[in-house]
Structures are given as C-alpha cells and as structure tokens.
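Trainee: Mind having a look at this structure? Questions to follow.
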Amino acid sequence: EDQVTQSPEALRLQEGESSSLNCSYTVSGLRGLFWYRQDPGKGPEFLFTLYSAGEEKEKERLKATLTKKESFLHITAPKPEDSATYLCAVQATGANSKLTFGKGITLSVRP
Amino acid sequence: DAGVIQSPRHEVTEMGQEVTLRCKPISGHNSLFWYRQTMMRGLELLIYFNNNVPIDDSGMPEDRFSAKMPNASFSTLKIQPSEPRDSAVYFCATHRGRSSGNTIYFGEGSWLTVV
C-alpha cells in the first residue's frame, strides 16, 4: 500500500527565515510526486509534479526536490502570504491515476 | 476555464437524512475523483471514475455511500442515511487523462456537518 508521511505537522517561521518541509514516501512504482498548497476554506491548489530522483522545480520562493525515498519543499525567505497547509501526494505507476496524500504541513509565517 | 464546480458549498443536515453532493468537472477532463478530508485522517480517496466508469471504489466507507457519473459533465456523491461521523469536507477533483499529463485539479469542496 502506498504511504506518504509529512513532517513536521506544523512549522512557524519568522518572515525571511528559510526552511524545508519533508515528505517521505513508499510506493510500488512512482509515476509522480505532487505538491499542493491549501488555504483555509479552499481546495488544494497544484504547485509541482516531480517524476524522477534528482529532479527539481522552482516557483517564486518555493523549490521542490525529489530522491528515491523523499521529497523536500524548500521555502526561501518566506513571506506571510506563504502561510498555508502544504500537501504532498504520490501517484503510482499502473492504470489507476489516484493520488495518495500525506496529512499536510501547516506553515505559519510571522511578519 | 471555470474549474471544478461543487455544490453545495456548505450543508448542515440532521442525522438520518439523505445528502447529495454534486460536481461538474473541467470540460474535457475524463477522470474524476471524490476525496474526503478530516483533521484526523487527512485526504482520503473515496472513488475514482474514468470515462464515467467507476474504476476504484475501495475507499467508499460503507453501503450508505454511493456515487454516480451519468455523463462526462456531472457526478454525484450520495450519503443515505447520514451520520455525525460523516461530517467532513468532500472534494471533487478531475484530470484530463494520463496521456495529457497527470495534474489533478480540485474543486473548492463541500463542507458537510451532520448533527
């Protein structure tokens, strides 16, 4: 069974204080690893898909990296508007396209 | 593009009542997912349709839950009878299909409270 574990559960940062969010996963065969952002009262919003170990993707202050066992979401010089819950999910190879999600990391950035 | 549209956004109902949640997928997307989100368990897949056919319903908790996709533009998730433990946010999500990339797009969710 596919499993995704995210840590820490919650993270509080000062504005400008860079940090990383961890996503550990086990999957029979990885088709893709996804990062989503979720704001309170909203649905998850797609950020990145990573397909193979060593791949990196960037968007503004966010950079996602992937190894064979985990993914990191690095946040450089965060701002208060980066406060949200960040969800990691894996999609396995095969005909089923479903995503298996971790429980998320709630990030709070203080001004 | 209007995105995935869900209704109702909020529903409060009494235990034992029937609840129907609705989803309109993004036009051209042929895969549709129903997820449930709670604080304790996070996002859990309930059922997955491809080309209107249910592919994986292993996440449907029990017979009180049922889902249909009568056409490519509409899906429903029904709970009958509802129970307080069904209180959660229910998300519909869709994607275009494997050959066109894997990104899955979510609606804004239906917030269900059963009292």
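Laboratory data are not the source of any read-out in this text; all were calculated from the coordinates shown. Predicted model, so just to flag it, every value in this text is computed and none were measured. All Cβ positions, glycine included, derive from the backbone under ideal geometry; neighbour counts span all protein chains shown.
Trainee: Please list, ordered by chain and number, the residues whose modelled amide H lies under 5 Å from the amide H of A:GLY104; skip anything fewer than 5 residues away on the same chain.
Mentor: Placed amide hydrogens put A:GLN6, A:CYS88 under 5 Å from A:GLY104.
Trainee: Taking the Cβ-Cβ separation of A:ALA95 and B:LYS68 as r and a Förster radius of 22 Å, what is the calculated FRET efficiency to the nearest 0.05?
Mentor: 0.55
Trainee: At q = 0.17, 0.20, 0.29 Å⁻¹, what is the log10 ratio I(q)/I(0) for the range B:1-60, with the Debye formula run over Cα points and no solvent?
Mentor: -0.74, -0.99, -1.25
Trainee: On to the next question. I want to verify a result. In a Gaussian network model of chain A, Cα cutoff 10 Å, which of these has the top mean-square fluctuation: A:GLY94, A:GLY32, A:GLY16?
Mentor: Looking only at A:GLY94, A:GLY32, A:GLY16, the biggest GNM fluctuation is shown by A:GLY94.
Trainee: Using only Cα positions of chain A, each an equal point scatterer, no hydration layer, compute I(q)/I(0) via Debye at q = 0.14, 0.20 Å⁻¹ and quote the log10 values to two decimals.
Mentor: Rounded to two decimals, the profile gives -0.51, -1.01.
Trainee: Compute for the range B:46-115: radius of gyration divided by Kirkwood radius, i.e. Rg/Rh, restricted to C-alpha atoms, rounded to two decimals.
Mentor: That ratio equals 0.99.
Trainee: Right, here's the next one. If you consider only alpha-carbon coordinates, what radius of gyration and Dmax does the protein assembly as shown have, in Å?
Mentor: Here Rg and the maximum Cα pair distance are 17.6, 51 Å.
Trainee: So if R0 is 35 Å, what FRET efficiency would B:ASN52 and A:HIS74 give, r being the distance between their Cβ atoms, rounded to the nearest 0.05?
Mentor: The pair B:ASN52/A:HIS74 has a calculated efficiency of 0.30.
Trainee: Using just the Cα positions, wrap the range B:1-108 in a convex hull and report its mean projected area in square nanometres, one decimal place.
Mentor: Seen from a random direction, the Cα hull of the range B:1-108 projects 6.7 nm² on average.
Trainee: Still on this structure, I have one more. Give me the inter-chain shielding for A:92-102: mean count of other chain Cβ atoms within 10 Å, whole number please.
Mentor: Taking all residues of A:92-102 together, the mean is 5.
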